[in-house]
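Okay, so here's the structure we're looking at.
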Amino acid sequence: MKDMDSILIYGGRVIDPASGLDDDMDVLLRDDRVAAVGPPGKLRGQGKRAFKAKGYIVAPGFIDLHVHLREPGQPHKETIATGTAAAAAGGFTSVCAMPNTVPVNDSAEITRWMQSPERGALVNVFPVAAATAGSLGEKLTNFAALKRAGAVAVSDDGKPILEDKLMREALRKAAMLKIPVVQHAEDTRLTGGCSMNLGPTSFRLGLHGMSNAAESTIVERDIALVRATGGHVHVAHLSTREALQAVRDAKKAGLRVTCEVTPHHLTLTDDTVGEFNTNHKMNPPLRAVADREALIEGILDGTIDAIATDHAPHAFHEKEVEFERAAFGITGLETALPIAITVLHQHFELPLWRIVELLSSNPAKIFNLRNRGTLAKGSHADVTIFDPKKKWTFEASRSYSKSRNTPFDGWSFSGRIVATIAGGRVAYEG
Amino acid sequence: MKPQLRSLLGISQLTTGQIEAILALARRMDLKRPPQLLRNRHVALLFYEASTRTRISFEFAAKALGATTTQVTPTSSSIEKGESLIDTGWTVANVGADAIVMRHPNSGAAYLLARYVHVPIVNAGDGMHQHPSQALLDALTITNHKKKLQGLRVVIVGDVYHSRVARSNAELLTRFGVDVVFCGPPDFVPEIAATLAPGVTACHDLNIALQGADVVMALRVQKERLVNKQLSVEEYIAEYQVTPLRMRLAKPDAILMHPGPVIRGMEVTSEVADGPQSCIHEQVRNGVKTRMAILATVLGAA
């Protein structure tokens, strides 16, 4: 930190699941590290800047395992600078950037380029590199070189790693490097031409629908390969009750299988597509009520490890077209915490510390981000401060993202980010 | 007061009162001496998909009421150059179209257009979704032969999955108490089809479905849709073709309908298509009347 070398956050309630801490505490940050966590008042006078957090939750910085920052190649949708500004506004101090850029991030060069200070990132950017060259599903990339360049996982996100042998090899190689393979679980042989979930709504709207089986059969196949290889598969944006059950069973069997769900799959169902609203079009699609209920259950019983946004910005001209031609995906960084608080905490009574776990400590563990997702002394000075009670209305027009493609425009929420500190630097202050 | 209908996009947006009003107006339309309700009005026919019947039906309807028409087709405009639907719609409206009649291969296209373009939009078929003018003209045809819709059994047989005609008809008819039976092989009539509306059922045996039917509506079956399906063309014909023998399973006074184009020898035999129970020609005539009523309604001239 250049202009300030220390910040004291005082008067707040510290929730740090990794340290088993949920108490009124003050936090001292110094030189981009957590210098101390102490009882109220004990650290008084120690920070150059004092930040009053009375009534707020002080949490380890949120980590989003799944974002699309669109750089290199599609700066009309988002840049690393604008995407990380949206991340900061949403309380995320670290974002894991998917490789479906243009060109695909399948090299150490692009991986380093994305992390270069010239990109102007406001929060930490951890690239997830492509698992196969060009994400074409033919030849594995050089995982070791990608990891050395800073990649924290491999994935062909946007597409699945479909071929059995290739997935087995990917899991085996990634296991040697102790990184996960992130799978976009979709059997694309079954989903060609589909633009939403298969169900009464897709039939009524005359749209081809994606079946739950197109997701769950890939998840089940991957679990079998994890069993065979000892690798770690992380299921991206899990959306079906069948896939969730497969993950639940795999965990019981002691396999290294983790999963994330998006805030929108926890909130919306396929019937909300309404009259072809393309801000309700994403992949995986919004599912049936029974799937959403299962995902909530999966959050409550701990099967689901993390909440990740799948932040997928697209320009107006890519979304406001015929539904079947519209790009898949919605933005999500700025609405993740409000949805978690409003839906999970207020409606389903999930304790706040579980929300912090899903947004911070668990993601850090899944991608092995050392000294992150915790406020333990010596860890990185990544802190998210939020007001769990604040009521507000999200307006897409005021988003920090370059794009406006959100189904939550005009929604009223409880829970708002107050400040985001990444690496000891204030990245956002509401 | 009936709410003013601005665009006709799909059946679900219509109140029963609006449906009845359009049908009543259509019945009054005199094809020999049509009222000049749309003099000096311009109707654009924006057809992104091949169509003969629907296009000329709307064109005749508009001209009969005194309107001028302009056809916009992909090959003759900037559509091929990649102009967006919204931009094309804005252009068509700004050159002076008072209404746009659109046929489009993508479900929902008319809804998109209506959200952005501020002239009335008439959906002349969007993908597999809706074809409301067809459902209205079919309702007109049925009511010409049956005292009331309430309690009728209408069997819609063929490729229901891909059919906007089936969806529109089932949504309209069930609103008036009709029992609609979708019939066809499972690929064409998935179980989920029965969720479309209360009063819709799915049946895979035509001989059962036809028993007691008041109306038999055959849909076009494209041979290419049977590729890689469980049934061969021969098997489809054997199990689902509407034949004179099968028509005898329906009520004696049952009528046979088909939205066209008819593939003779596929979904129906010529004996049935040309037989005494067939209303296919009447449907075409009713199509013009119904579209006159629709255009007059959305242009506020009814």
Notebook entry, point to check: Using beta carbons and a limit of 8 Å, which pairs, at least six apart or on different chains, have the first residue in region B:190-214 and farther than 15 Å from A:Phe203 by Cβ and modelled with pLDDT of 95 or more and the second one surrounded by fewer than 13 Cβ atoms within 10 Å (Cβ to Cβ) and of a type outside the set (Asp, Glu)?
Noted result: B:Gly199/B:Gly177
Notebook entry, point to check: So is B:Arg115 modelled with pLDDT under 95, within 14 Å of another protein chain (Cβ to nearest Cβ) and not in a loop (DSSP other than H, G, I, E, B) or not?
Noted result: no
Check: farther than 14 Å from B:Ala301 by Cα, part of a loop (DSSP other than H, G, I, E, B) and outside the structural domain of B:Pro259 (by TED's automatic domain parsing) - does that describe any residue in region B:53-68?
Finding: no
Margin query: Testing B:His129 on (1) crowded, with 23+ Cβ neighbours inside 10 Å; (2) under 16 Å from the mean Cα position of the chain (by Cα); (3) more than 10 Å from chain A (Cβ to nearest Cβ); (4) within 21 Å of B:Gln18 (Cα to Cα), one condition comes back false. Which one is that?
Written below: (3)
Checklist line | Per-region count, region A:374-415, residues touching a strand residue (DSSP E or B) at 6+ places or on another chain (Cβ under 7 Å) and closer than 14 Å to A:Phe92 by Cβ | finding: 6
Check: Across region A:4-35, what is the total count of residues that are free of Cβ contacts under 8 Å to residues at least 40 places away in the same chain and either at negative phi or of a type in the set (Asp, Glu) (or both)?
Finding: 5
Next item on the list: Select from region A:256-275 the residues that are of a type outside the set (S, T, N, Q) and more than 22 Å from the chain's Cα centre (by Cα) and write down the one among them that is nearest to the other protein chains (Cβ to nearest Cβ).
Entry: A:Glu275
Notebook entry, point to check: Of A:His317, A:His345, which residue is within 14 Å of chain B (Cβ to nearest Cβ) and not in a loop (DSSP other than H, G, I, E, B)?
Noted result: A:His317
Next item on the list: Mind listing whichever residues of region A:392-402 are farther than 18 Å from A:Pro263 by Cα and either touching a Phe, Trp or Tyr at 6+ places or on another chain (Cβ under 9 Å) or surrounded by 14 or more Cβ atoms within 10 Å (Cβ to Cβ) (or both)?
Entry: A:Tyr400, A:Lys402
Check: Considering only region A:182-204, how many residues are among the hydrophobic types (A, V, I, L, M, F, W, C), more than 14 Å from chain B (Cβ to nearest Cβ) and part of a helix (DSSP H, G or I)?
Finding: 0
Notebook entry, point to check: Would you pick out the residues in region B:36-72 that are over 20 Å from the mean Cα position of the chain (by Cα) and in contact (Cβ under 8 Å) with a residue 40 or more places away in the chain?
Noted result: B:Leu37, B:Leu38, B:Arg41, B:His42, B:Ala64, B:Leu65, B:Ala67
Next item on the list: Please work out which residue is nearest to the other protein chains (Cβ to nearest Cβ), limiting yourself to region B:132-144 and to residues that are in contact with an Asp or Glu (Cβ under 8 Å, 6 or more places away or on another chain) and not aliphatic (A, V, I, L, M).
Entry: B:Thr141
Note to self: Looking only at residues that are more than 22 Å from A:Arg372 (Cβ to Cβ) and surrounded by 13 or more Cβ atoms within 10 Å (Cβ to Cβ) in region A:26-42, which one is nearest to the chain's Cα centre (by Cα)?
What the structure shows: A:Pro40
Checklist line | 1 or more residues closer than 23 Å to B:Gln13 by Cβ and either within 14 Å of another protein chain (Cβ to nearest Cβ) or touching a helix residue (DSSP H, G or I) at 6+ places or on another chain (Cβ under 8 Å) (or both): qualifying helices (runs of 4 or more DSSP H) within region B:160-267 | finding: B:164-175
Notebook entry, point to check: Taking region A:327-342 as the search range and keeping residues that are buried (at least 24 other Cβ atoms within 10 Å of the Cβ) and assigned to a loop (DSSP other than H, G, I, E, B), which one is farthest from the other protein chains (Cβ to nearest Cβ)?
Noted result: A:Leu333
Notebook entry, point to check: Inside region A:385-421, can you point out the residues that are part of a strand (DSSP E or B) and either under 15 Å from A:Thr84 (Cα atoms) or among the hydroxyl-bearing types (Ser, Thr, Tyr) (or both)?
Noted result: A:Thr393, A:Ser412, A:Ser414, A:Ile417, A:Ala419, A:Thr420, A:Ile421
Next item on the list: Go through (1) part of a loop (DSSP other than H, G, I, E, B); (2) surrounded by fewer than 23 Cβ atoms within 10 Å (Cβ to Cβ) and name the single condition A:Ala81 misses.
Entry: (1)
Note to self: Please go through region B:78-112 and give me each residue that is among the aliphatic types (A, V, I, L, M), within 11 Å of chain A (Cβ to nearest Cβ) and without any contact (Cβ under 8 Å) to a residue 40 or more places away in the chain, ordered by number.
What the structure shows: B:Leu85, B:Ile86, B:Leu112
Next item on the list: Search region A:145-162 for residues being hydrophobic (A, V, I, L, M, F, W, C) and more than 17 Å from A:Thr191 (Cα to Cα), and hand back the single one that is surrounded by the fewest Cβ atoms within 10 Å (Cβ to Cβ).
Entry: A:Ala145
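The values are calculated or read from the model by the stated rules, or taken from the named source; none is laboratory data. These numbers were taken from a predicted model, which means no experiment stands behind them. Virtual Cβ from ideal backbone geometry, glycine too; neighbours counted across all protein chains shown.
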